[in-house]
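A.B. asks: Structure incoming, see below.
The values are calculated or read from the model by the stated rules, or taken from the named source; none is laboratory data. Here the structure is a predicted model, which means the values were calculated and not measured. Glycine also receives a Cβ, built like all others from the backbone with ideal geometry; neighbour counts cover every protein chain displayed.
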């Protein structure tokens, strides 16, 4: 029996699918893989930054007493943290791949 997808898992699956899709090429044009990859990483970094800023704003509003929604604040903070850790892991894998290519003898 397969475990049900939780709403948070579905959220991240949808977000990753949207990022991986990348920019679409015009009909008859080939997409440049390097540009698509750069665009994908740039979009991911911008999304992580925006979510982090939103979480900080939510925490500030809560601490100043302008908001009483602790639940949404904690979710926003955890979401931003998870996205940042995922981006760090992607960076680490890219660096590992680069270092592996650098060590190859030609």
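A.B. asks: Condition test on residue 54, is it surrounded by 12 or more Cβ atoms within 10 Å (Cβ to Cβ), at negative phi, modelled with pLDDT of 95 or more and under 16 Å from the mean Cα position of the chain (by Cα)? First the steps, then the outcome.
C.D. replies: Working: surrounded by 12 or more Cβ atoms within 10 Å (Cβ to Cβ): yes; at negative phi: yes; modelled with pLDDT of 95 or more: yes; under 16 Å from the mean Cα position of the chain (by Cα): yes.
Considered against the rule, which asks whether it is surrounded by 12 or more Cβ atoms within 10 Å (Cβ to Cβ), at negative phi, modelled with pLDDT of 95 or more and under 16 Å from the mean Cα position of the chain (by Cα), residue 54 comes out as yes.
A.B. asks: I need a count of the residues in the stretch 48-106 that are more than 30 Å from residue 38 (Cβ to Cβ) and assigned to a helix (DSSP H, G or I).
C.D. replies: Filtering the stretch 48-106 down to residues more than 30 Å from residue 38 (Cβ to Cβ) leaves 58-75.
From the residues that got through so far, the ones that are assigned to a helix (DSSP H, G or I) too are 58-63, 70-75.
Residues that pass the stated criteria total 12.
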